[in-house]
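All remarks here apply to the structure that follows.
The values are calculated or read from the model by the stated rules, or taken from the named source; none is laboratory data. No experiment lies behind these values; they were computed from the predicted model shown. Glycine gets a Cβ as well: all are built from the backbone with ideal geometry, and neighbour counts include every protein chain shown. Heads up: the accessible areas ignore ligands, DNA and RNA and are worked out on the full protein's heavy atoms, side chains in. Shrake-Rupley method; radii C 1.70, N 1.55, O 1.52, S 1.80 Å.
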Amino acid sequence: MRVQLKDIRKSYGSLEVVKGLNLDIAEGEFLVLLGESGCGKSTALRMIAGLETITEGSLMIGERNMTEVLPKYRNVAMVFQSYALYPHMTVAENIGYPLKLQKTPKAELQSAVLAAATKVHLEDYLERMPRQLSGGQRQRVALARAIVRTPSVFLMDEPLSNLDAKLRGAMRAELKRLQAELGITTVYVTHDQIEAMTLAHRVAVMDAGVLQQVAPPKEIYDNPATRFVARFIGSPAMNIVTGSVADGRVTVEEGAVPLEGYAPRERVSFGFRPEDCSLVSPESGMMKARVFSTEMTGNETIVTCEIGQDHVVVREDKDFDMKPDEWVGIDVVPEKARLFDYDSGKRVHT
Amino acid sequence: MRERSFFQRLFEPPSLTEMAPASKLLTYAILIGWTIVVLFPLYWVLITSFKLPFQVNDGPDFIPFIDYQPSGHAWRYIFVELGNDTLRPYLNSIIIALTSTVLAVIIGSLAAYALVRIQYNVKIGTIAGFIVLLGATVYSINRFGTPWHLTAAIALALFFFFATSFGRYFKRALKNNDILFWIISNRILPPVVAVLPIYLMFQRVGLLDTHVAMIATYMAVNLPIVVWLMRDFFAGIPIDLEESAEIDGASRIRIFATIVLPLARPGLAATFLLVLILAWNEYLLALFISTADAQTMPLLVAAQNATRGPQWWYMSVLIVIMIAPIVLMTILLQKHIARGLMVGAVKG
């Protein structure tokens, strides 16, 4: 179902943790709330679930105003970071618990439990207790418990962060497939940008209780709305160098990059991604820098350079070979560069 | 490596999982010593119950059939000659201890759960208002003879008026921890201080020497212990489980019954046993409240120390049959006092 958050705020006493959140989540959409820990994303999710009261604003799920409705009447399903399995119940009882509460007839309940368990490949573990399962299997039980009753919204609070890296990748793929198959609106909270980029139809980036940008992953990556989003998305992160704009170029401490069409500015944050720049000889480069360190990752080399006070990361191919403190030149692809206001961090357009 | 000396071998652990021989010896010596301290009185009570008076007085004899010839005379006296005079207190003890414990555990767990999951904020002004009105009500009824139901109704109405109007202006408030401390303080108070008022109260309402009076008193006295113990057990249950159940569609009572209580089972069993033992062995309150019909076992045991001096042989029989049900209960409940129930609930 469609979920609408209208100017939602949450305060604990005088401390405001969510500052006016507006989101319109379409039916069947997979929306990822992305941000650092403490940015208010989990609180936002818990407000949709009804586990936290909404201080101000309104929440609509479908056609119904849910702002003041108890969690049990919202028909949402939530997967917790800790899985929150009922340790004294078998896997089958865990999965069937929501249906049992709805007084579903026994035969119907059993077939629904089996169907949900089959979807997450748990059909052989129905009689086990949670303590007899591995982390990944527990995660699947939590998922099955969420999908067993066709909720109007799925809410997921960092569901994969307790799994090891390899399992996380596999579960991510399964989760994406499962959501597409069921077509149920999903709000997914994470601090992991890879999860956000790979799973989401749209990513909502939050910082300090404020929504920074809502856009599809590619748009978020190519056209970050703020310096925060630019730095947060991408690994290694976007390079930000402080400089000034005048006469169709950005001047930094050790050189200048031609950039047409920007109004002159005294101070500006000049951003470009590590793959949108390259190392050349110090004489011919747009900017001059010193090599700070090099890291060979296998398929490429991550080169960190120093321009004045700023560090700039450049992706080079794996055969790159230079020693620290050598001088290099850096060329930037001008049309891939982005400018942000130095003080507000907002994107500056041509 | 150099050969280790005898003393080195004595004080060095042979492996990481084993104790050094010297510490092993010391540990077992202490354990055996303590076991004797605990078990010997039980053994003595058991053999004394099979002795004749002269064998007790001539003693000490410790080994049946060798030191003395066992006799069932004390058992016969207690069960055949006294008959109902033994069985009635026995039955009373069982009824009173079990009922009061069950009630205390039910009410106490509900209170403990509320103290863990609900934040209370009771204004001190409201409490002061309540106490003043309560005092005024009692004074008015006793001094001026106003009808009690009318006085109470007026006081209640005044209280609600006060709480909703002036009460809100008080800043200082009692939080959950204060409430918990107040509950515990009820138990810190020595029972001997409260026993006379309790006696007078039951005398006034004509409930002296009844099961109801005993059950109500024991329940009230043991409630603080239940609240205190259960609070910790409930606090140990991850809140995620309850929130998850809430989203799954369960009501608060349902969550308590199907999630919280089953997970607190070890705590419930331990608390139940402790409170049962306290109620089972209680003497002082029983001495005041019960005289004949509601008399419990501890009174009967004490009564064996009568005008003819302590009759150890009868007392021993009573103690043996008094210990038996508690031992049985402990064995029954032991398997519930298992740990590791929470494994698998959260995280991987």
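Mean residue ellipticity at 222 nm, helices only, chain B: -22000 deg cm²/dmol; runs of at least 4 DSSP H residues each add -39,500 (n - 2.57), and the sum is divided by the number of residues. Would you please state the base-10 log of I(q)/I(0) at q = 0.12, 0.13, 0.20 1/Å for the stretch A:191-350, with intensities from the Debye formula using one equal scatterer on every alpha carbon? The computed values of log10 I(q)/I(0) come out as -0.54, -0.63, -1.28. In the context of the full set of protein chains, residues of chain A present 44 Å² of accessible surface per residue (probe radius 1.4 Å, heavy atoms only). Each peptide among A:278-289, A:206-217 gets the average number of other Cβ atoms lying within 10 Å of its residues, and from highest to lowest they stand as A:206-217, A:278-289. What the Kirkwood sum gives for the stretch B:1-155 is a hydrodynamic radius of 24.5 Å, with every pair of different alpha carbons counted. Note on A:Glu335 and B:Arg265: the model spin-label points, each 7 Å out from Cα along the C-beta direction, lie 6.9 nm apart. Surface composition of the protein assembly as shown: carbon and sulfur atoms hold 61% of the protein heavy-atom accessible area at a 1.4 Å probe. Computing FRET efficiency as 1/(1 + (r/R0)^6) for A:Glu283 and A:Asn22, where r is the C-beta to C-beta distance and R0 is 51 Å, gives about 0.50.
Each residue of chain B gets 257 Å³ once the volume of the Cα convex hull is shared out per residue. With the highest mean first, a sort of the peptides B:113-119, B:41-47, A:30-36 on other beta-carbon atoms found within 10 angstrom per residue produces A:30-36, B:113-119, B:41-47. The amide H of A:Thr242, built 1.01 Å from its N in the peptide plane, has A:Phe270 as neighbours under 5 Å, considering only residues 5 or more places off or on other chains. Legend: calculated FRET efficiency, A:Ala208 to A:Met60, from the Cβ-Cβ distance at R0 = 30 Å, rounded to 0.05, equals 0.75. When chain B is treated as a GNM with alpha-carbon contacts under 10 Å, the residue of B:Val227, B:Val132, B:Val260 showing the greatest mean-square fluctuation is B:Val132. I want to verify a result. In a Gaussian network model of chain A, Cα cutoff 10 Å, which of these has the top mean-square fluctuation: A:Lys19, A:Lys318, A:Lys336? Of A:Lys19, A:Lys318, A:Lys336, the most mobile in the Gaussian network model is A:Lys318. Here is the P(r) of the stretch B:176-248: all C-alpha pair distances, binned every 10 Å from 0, give 16, 33, 25, 15, 10, 1 in whole percents. Beta bridges from DSSP with both residues in the protein assembly as shown: antiparallel share about 80 percent, rounded to the nearest 5. Estimated from the Cβ-Cβ distance and a Förster radius of 60 angstrom, the FRET efficiency linking B:Val80 and B:Ile253 is about 0.75.
Each principal axis of the Cα atoms in chain A has its own extent, and those three values, largest first, are 79, 45, 33 angstrom.
Once the chain from B:Gln334 to B:Arg308 is taken as fully extended at 0.36 nm per residue, the excess over their C-alpha distance is 5.2 nm. Straight-line cross-link partners of B:Lys51 among the lysines, defined as a Cα under 26 Å from its Cα and at least 8 positions apart when in the same chain, are absent.
For the residues B:Leu241, B:Leu318, B:Leu158, a GNM of chain B with alpha-carbon springs under 10 Å puts the largest fluctuation on B:Leu158.
When A:Arg249, B:Arg143, B:Arg4 are compared by accessible surface with a 1.4 Å probe, the order from highest to lowest is B:Arg143, A:Arg249, B:Arg4. Accessible surface buried by the A/B pair amounts to about 2400 Å², both sides summed, 1.4 Å probe.
Accessible area per residue for the stretch B:1-110 is 69 Å², calculated with a 1.4 Å probe on protein heavy atoms, without ligands, DNA or RNA. Plainly put, the stretch B:1-40 has a radius of gyration that is 1.20 times its Kirkwood radius, both from alpha-carbon atoms, as the Rg/Rh ratio. For the stretch B:194-324, the Stokes-Einstein estimate of translational diffusion at 10 °C and a viscosity of 1.306 mPa s comes to 89 µm²/s, using the Kirkwood hydrodynamic radius over alpha-carbon pairs.
Structure note, pairs A:Lys119/A:Lys176; A:Lys72/A:Lys100; A:Lys288/A:Lys346; A:Lys100/B:Lys335; A:Lys19/A:Lys41; A:Lys218/A:Lys336: Cα-Cα distances above 19 angstrom occur for A:Lys288/A:Lys346; A:Lys100/B:Lys335. Modelled label positions at B:Ile131 and B:Lys171, each set 7 Å beyond Cα in the direction of Cβ, lie 2.1 nm from each other. Distance distribution note for the protein assembly as shown: the fraction of Cα pairs above 38 angstrom is 61%. Per-residue shielding of B:247-260, expressed as the average number of other chain Cβ atoms within 10 Å of the residue Cβ, stands at 5. The mean number of partner chain beta-carbon atoms within 10 angstrom of a residue's beta-carbon across peptide B:235-244 is 5.
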